[in-house]
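The values are calculated or read from the model by the stated rules, or taken from the named source; none is laboratory data. Because the structure is a prediction, the values reported are computed rather than measured. FYI the Cβ positions are ideal-geometry reconstructions off the backbone, even for glycines, and counts take in every protein chain you see. Accessible surface areas use protein heavy atoms only, side chains included; no ligands, DNA or RNA. Shrake-Rupley method; radii C 1.70, N 1.55, O 1.52, S 1.80 Å.
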Amino acid sequence: MHVLMVTGGGLLLLGVFVLFGWLWSASAVGMVVAAKLFMPVWLVLACTNMWVGVTQAGYSVRDEALILLIVLMVPVLLAVFVTRIFAPS
């Protein structure tokens, strides 16, 4: 359940980034830039989630690595999709 909540939080954060990208530039270019800025931010947050899982929850790094992969890749793949769809030709 925690994995779904964190992944959903990542998708929500991506939506916030893309929305602010649109609001600040009123163009698809701003949305692409915002999606690209989201990726390193989400990497840091997902790694922080892994660190908390290892240090506080008692999971091993091996167990948390799979969770990190899932939590990281779903929002990042959607961000890559957004950048491909809205990128100027």
**OP:** Look through segment 37-62, keep the residues that are surrounded by fewer than 16 Cβ atoms within 10 Å (Cβ to Cβ) and among the aromatic types (F, W, Y), and return whichever of them is farthest from the chain's Cα centre (by Cα).
**Re:** Y59
**OP:** Tell me which residues, restricted to segment 1-36, are of a type outside the set (V, I, T), in contact with a Gly (Cβ under 8 Å, 6 or more places away or on another chain) and surrounded by 13 or more Cβ atoms within 10 Å (Cβ to Cβ).
**Re:** G21, W22, G30, M31, A34, A35
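Taking segment 65-89, which residues are open to solvent by 60 Å² or more (accessible area, probe 1.4 Å) and either among the charged types (D, E, K, R) or outside any helix (DSSP H, G or I) (or both)?
The answer is R84, P88, S89.
Taking W42 as the residue in question, decide whether it is free of Cβ contacts under 8 Å to residues at least 12 places away in the same chain and among the hydrophobic types (A, V, I, L, M, F, W, C).
Numbers: free of Cβ contacts under 8 Å to residues at least 12 places away in the same chain: no; among the hydrophobic types (A, V, I, L, M, F, W, C): yes.
No, not satisfied.
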Original post:
What pairs can you find where one residue is in segment 52-64 and under 16 Å from V6 (Cβ atoms) and assigned to a helix (DSSP H, G or I), the other is open to solvent by 80 Å² or more (accessible area, probe 1.4 Å) and not aliphatic (A, V, I, L, M), and their Cβ atoms are less than 6 Å apart, with a gap of 6+ or different chains?
Top reply: G53/Y59
Original post:
When both residues are 6+ apart or on different chains and their Cβ atoms are under 7 Å apart, which pairs have a first residue that lies in segment 14-36 and is modelled with pLDDT of 90 or more, and a second that is polar (S, T, N, Q) and open to solvent by less than 40 Å² (accessible area, probe 1.4 Å)?
Top reply: V32/T83; A35/T83; K36/T83
